[in-house]
Amino acid sequence: MIKVIVAGYQGRMGSTAAQMVIDNPDFELVGVYDARGTDQNLNENNQFSDQDVPAFHDLKQLTTDATVWIDFTVPTAVYENAQFALKHGISPVIGTTGMTDEQVAALQKLAKVQQVGGLIAPNFGISAVLLMQFAQQAAKYFPDVEIIEMHHDDKIDSPSGTAISTAKKIAEVRQPKEQGNPDATETLPGARGADYEGMRIHAVRLPGLVAHEEVMFGGPGEGLTIRQDSFDRISFMTGVKVAVEKVNQYQELFVGLEHLL
Ligand code: NAP
């Protein structure tokens, strides 16, 4: 039985993850954490009224025998949460996006020192993991690329962690290139999107969307578009489940679900 604590349990992803843990006979939900919550027990939450699980709101008062920490919180909280987990020998499975490269590197170092396994996955969806792999393959032949990520309008960080990861993976194989016309100007600032090593990333925010990404490649006389859609948050849970099952087997912190597949 793998004992799990879920941080951000009152949010969209955190509550879906808590339900996944509850529904899995091999997992036990032993705690939930939300710095801005007030409940003492998960059963005070209508969705989980039959669950007797302690709820925490302050890392200083958090005690748990969990071996896995699932984190779907906010960019400003996740780094401190992950540090806390690693220092207490709990393997973090982090879905929260928006950490800086420096924060990720510091957590990887801490995981090695503590000899605790962990995973940061900008996207737990299999379709997104495959999209990133296919995009990397295509970028060897098509150095001109635009990434368009589309999310619900409550999303805080932009561009999405998946879009940044896609750009990084493409940059590993792509000939460095400043795309477009060097004399191009923007009549409205931001019209050409964010710049990552000459590639452009565009972030769309609209009600009704969940999480979607298109990678468009263009070459002389031809084009290729790769697209993935996460229509429901349940789609991320297969990946979270795999991570919870496997993460304790390692003594380092990986970035990207593909490392555990
Ligand atoms: P959300 O609904 O806003 O949930 C975030 C939750 O974290 C809220 O309940 C929030 O409480 C809580 N929170 C705020 N500060 C906290 C703290 N210091 N400690 C613990 N919890 C805290 O957002 P969401 O849509 O679930 O997304 C959560 C994160 O997951 C985002 O970073 C998103 O990009 C990411 N995400 C990742 C994947 C993936 O596959 N990796 C997929 C989807 C989303 P309040 O409401 O009181 O602020």
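The values are calculated or read from the model by the stated rules, or taken from the named source; none is laboratory data. Computed from a predicted structure; not experimentally measured. Reconstructed Cβ throughout: ideal geometry from the backbone, glycine too, with neighbour counts over all protein chains shown. Please note that ligands, DNA and RNA were not included when accessible areas were found on the heavy atoms of the full protein model with its side chains. Shrake-Rupley method; radii C 1.70, N 1.55, O 1.52, S 1.80 Å.
Using only C-alpha atoms and all pairs of different ones, pull out the Kirkwood radius for region 1-154 in Å with one decimal.
16.8
To check my understanding: the extent here is largest minus smallest coordinate of the Cα atoms along each principal axis. What are those three numbers for the chain, in Å, largest first?
Reported extents, whole Å, longest axis first: 61, 39, 30.
What residue among Val53, Val247, Val129 has the largest mean-square fluctuation in a Gaussian network model of the chain, using Cα springs under 10 Å?
Val53
Express the relative contact order of region 137-226 as a whole percentage, based on alpha carbon pairs under 8 Å and six or more residues apart in sequence.
In percent, rounded to a whole number, it is 48.
Please report, in whole Å³, the volume per residue of the convex hull around the C-alpha atoms of region 92-179.
Spread over its residues, the Cα hull of region 92-179 gives 124 Å³ apiece.
For the chain, give the share of DSSP beta bridges that are antiparallel, in percent and rounded to the nearest 5; count only bridges with both residues there.
45
Quick one: helix 12-23 against the long Cα principal axis of the chain, what's the angle to the nearest 10°, folded into 0 to 90?
50
Could you please put Arg227, Arg233 in sequence from largest to smallest accessible area, using a 1.4 Å probe?
Working: Arg227 115, Arg233 55 Å².
Largest accessible area first, the residues go Arg227, Arg233.
Hey, what did the chain get for relative contact order, percent, Cα under 8 Å, at least 6 apart? Could you put the intermediate results ahead of the total?
Working: 525 pairs, mean separation 54.0, N = 261.
Averaging sequence separation for qualifying contacts and normalising by length gives 21 percent for the chain.
Given the Cα-Cα distance of Arg227 and Glu44 and 0.36 nm per residue of separation, how much length would full extension add, in nm? Before the final figure, lay out the partial values.
Working: separation 183, 0.36 × 183 = 65.88 nm, distance 4.00 nm.
61.9 nm is the gain from fully extending Arg227 to Glu44.
Which percent of the Cα-Cα distances in region 166-234 go past 14 Å?
71
Could you pull out every one of the lysines with an alpha carbon less than 18 Å from that of Lys246, ignoring same-chain neighbours closer than 8 positions?
Cross-link targets: Lys3, Lys112.
Output the 0 to 90 degree angle, nearest 10, between the alpha-carbon long axis of helix 126-139 and the longest principal axis computed from the alpha carbons of the chain.
30
Rolling a 1.4 Å sphere over the protein heavy atoms, what is the accessible area per residue of region 95-248, to the nearest Å²?
For region 95-248, the per-residue accessible area is 51 Å².
Taking only C-alpha pairs under 8 Å that are 6+ residues apart, what is the relative contact order of region 7-138 in percent?
18
Of the accessible area of the chain, with the probe set at 1.4 angstrom, what percent is carbon plus sulfur?
50
What whole-number distance in Å separates the alpha-carbon centres of region 121-136 and region 189-261?
Using only Cα atoms to place each centre, the spacing works out to 5 Å.
Of the candidates Ser49, Ser160, Ser15, which one comes out as most mobile in a Gaussian network treatment of the chain with C-alpha springs shorter than 10 Å?
Greatest mean-square fluctuation among the candidates belongs to Ser49.
Taking the Cα centre of each part, how many Å lie between region 1-43 and region 69-104?
Rounded to whole Å, the Cα centres lie 15 Å apart.
To the nearest 0.05, how large is the calculated FRET efficiency for Lys109 and Ile234 if R₀ is 45 Å and r is the Cβ-Cβ distance?
So the FRET efficiency works out to roughly 0.85.
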